[in-house]
Amino acid sequence: MKKILLLISLFVISNSYGQIKSLKANGFAVPGCTAGGKTTVSYPTNFTGATGGYAGSSNTSNWELNLNLEVLSKNWIQAEIIFENNIPDPTSIDDMLSISSNDFTLTAYAHNATGNTLTGCNFAGGQVNKIRFNLEYKGTYVNGTDVELNITTQDPVSGVSETINVTVSPNESTASIDKLKKYDFSFGPNPTEHSIYLSAAKNIGNVEVFNLVGQKFLSTDMRDTKGTLDISNLSKGVYIMNVTIDQNIGTYKIIKE
């Protein structure tokens, strides 16, 4: 009889290795092996395990992870899967976890497992049914623009795989985004075809421009209270501009016409 597993909604045969007992996940500013929490995780309707602490049923056959990112610098997702049964030894982490997005980097950690993504954080003896992993977002989050990806896990015994749907919703408040307001920072015009003029009460440092998937197109160190950023060579569209003053970074959306 098939069952749906917890973190990554995995159909498996009773008594096979793949059954997941627990899933936790959360967003962090730095990488690590923290377990995270359950409140962002929704379980499938046919899950029969312990549901305490979770966000509720996802009304689908998939597990769902919905992170509300209130601080855009938290570009790491840390998660933990605890399986009902021990992971066979040896088992490569690469054969168990995969992601659908090129905008994220997956690094997994587990006790009593092997694979080229297994680095550090080998947990204490007895924890042979646990995997923790980091997802690093390599792009630049845009306030109000969701980022979605899928994580797939595969049972190395049965070969059965299932998917968890991940949605990251960057919703940082305007007050927390504009970290340069105390420097009287301003810029314009926006939208513009050619140049953006920047001004502040203190010297402006590094200014970088990214597209919405995190590719850097411009970088300059102004070292002055006023400066001009030439974006005439950029294609029309929406970009993200990061501006540094002292050690504070402001993130702004700019439009090239």
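Filter segment 70-119 down to residues that are in a strand (DSSP E or B) and at pLDDT below 75, then give me how many there are.
Counting residues in segment 70-119 that are in a strand (DSSP E or B) and at pLDDT below 75 gives 3.
Consider segment 217-255. How many of its residues are of a type in the set (Lys, Arg) and surrounded by 15 or more Cβ atoms within 10 Å (Cβ to Cβ)?
1
Quick check on segment 38-61: of everything there that is among the aromatic types (Phe, Trp, Tyr) and in a loop (DSSP other than H, G, I, E, B), which residue is nearest to the chain's Cα centre (by Cα)?
Here the answer is 54.
How many of the residues making up segment 130-141 are at pLDDT 80 or above and crowded, with 20+ Cβ neighbours inside 10 Å?
Of the residues in segment 130-141, 8 are at pLDDT 80 or above and crowded, with 20+ Cβ neighbours inside 10 Å.
Hey, can you tell me all the residues within segment 203-216 that are farther than 24 Å from residue 101 by Cα and surrounded by fewer than 14 Cβ atoms within 10 Å (Cβ to Cβ)?
Selection gives nothing.
Please list, ordered by first then second residue, the pairs with beta carbon atoms under 7 Å, 6 or more apart or interchain, first in segment 37-53 and in the same structural domain as residue 68 (by TED's automatic domain parsing), second hydrophobic (A, V, I, L, M, F, W, C) and surrounded by fewer than 19 Cβ atoms within 10 Å (Cβ to Cβ).
Between residues of segment 37-53 that are in the same structural domain as residue 68 (by TED's automatic domain parsing) and residues that are hydrophobic (A, V, I, L, M, F, W, C) and surrounded by fewer than 19 Cβ atoms within 10 Å (Cβ to Cβ), the close pairs are 39/55; 40/55; 41/55; 42/55.
Does segment 177-188 contain any residue that is modelled with pLDDT of 90 or more, farther than 19 Å from residue 239 by Cβ, acidic (Asp, Glu) and surrounded by fewer than 16 Cβ atoms within 10 Å (Cβ to Cβ)?
Yes; the residues of segment 177-188 include at least one that is modelled with pLDDT of 90 or more, farther than 19 Å from residue 239 by Cβ, acidic (Asp, Glu) and surrounded by fewer than 16 Cβ atoms within 10 Å (Cβ to Cβ).
The values are calculated or read from the model by the stated rules, or taken from the named source; none is laboratory data. The model shown is predicted, which means the values in this text are computed figures rather than measured ones. Neighbour counts are summed over all protein chains in view; Cβ atoms, including those assigned to glycine, are modelled from backbone coordinates with ideal geometry.
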